[in-house]
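The values are calculated or read from the model by the stated rules, or taken from the named source; none is laboratory data. Note that the structure is a prediction, hence the values are computed from the model and not measured. Cβ sites come from the backbone with ideal geometry, for glycine too, and all protein chains shown count toward neighbours. In case anyone asks, the SASA skips ligands and DNA or RNA and just uses the protein heavy atoms, side chains included. Shrake-Rupley method; radii C 1.70, N 1.55, O 1.52, S 1.80 Å.
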Amino acid sequence: MHISHNMHSEAAPLVAIFGCGNPLLGDDGFGPAVVGQLASAGLPPTVRLIDAGTAIREYLLDYLLEPALRPALVVIVDAEPGEGAGIGRVRRRVPAELPARKIHDFSLHQFPTVNLLRELEAATGIEVVLLLAGIDGPAALCAEGLSPPVRAAVDEACAQIVELVAPFVALEASAP
């Protein structure tokens, strides 16, 4: 269900954290694993956790189209397949740092387009941060469960997210 389907029942969050990926494809399930672990972290209701699976583009388009739903910060947690990513290494990136990627070919790993992320920032003022964990290429994805290095990266990503949302949690606590 997309964000706009809930617009009458929920207020816009200050922070939206998206876990992207497919847990049935091994390390590609990194994003959902992080969101699952954060669900027990006691974050306030103004920090929304969303297991977006492989459908994040539609959620981000909702933010472009519906100003009342926009958070101040969007955190996208995903796996980063490819050589040089360093298996289990978590990197914090912003859309401007990402290379353009072709997305129209069939792929098991569909990352939101860099153009969409850049447009989201420019058109809405939403801060977009990506936490990407390095994984092996697609051939190594076809196994359920995370590899030990990527499983360890879940804790690191959760710690970075708690740090990222701290100013927004403090802002919420100081509101009358």
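Quick notes
- Subset tally (residues that are in a loop (DSSP other than H, G, I, E, B) and modelled with pLDDT of 70 or more) for segment 94-112: 3
- Considering residues of segment 68-93 that are open to solvent by 60 Å² or more (accessible area, probe 1.4 Å) and part of a loop (DSSP other than H, G, I, E, B) only, the residue modelled with the highest pLDDT: R89
- Residue list for segment 46-67, filter: of a type in the set (D, E, K, R) and not in a loop (DSSP other than H, G, I, E, B): R48, D51, R57, E58, D62
- Consider segment 16-42 and keep the residues that are in a loop (DSSP other than H, G, I, E, B) and in contact with a strand residue (DSSP E or B) (Cβ under 7 Å, 6 or more places away or on another chain). The one that is nearest to V162 (Cα to Cα) is A39.
- The set of residues from segment 134-165 being within 16 Å of C20 (Cα to Cα), open to solvent by less than 30 Å² (accessible area, probe 1.4 Å) and either in contact with a Pro (Cβ under 6 Å, 6 or more places away or on another chain) or modelled with pLDDT of 90 or more (or both) comprises G134, I135, V150, A153, V154, A157, C158, I161.
- Matching residues in segment 113-124 - criterion: being open to solvent by 60 Å² or more (accessible area, probe 1.4 Å) and touching a residue at least 40 places away in the same chain (Cβ under 8 Å): E119, A123
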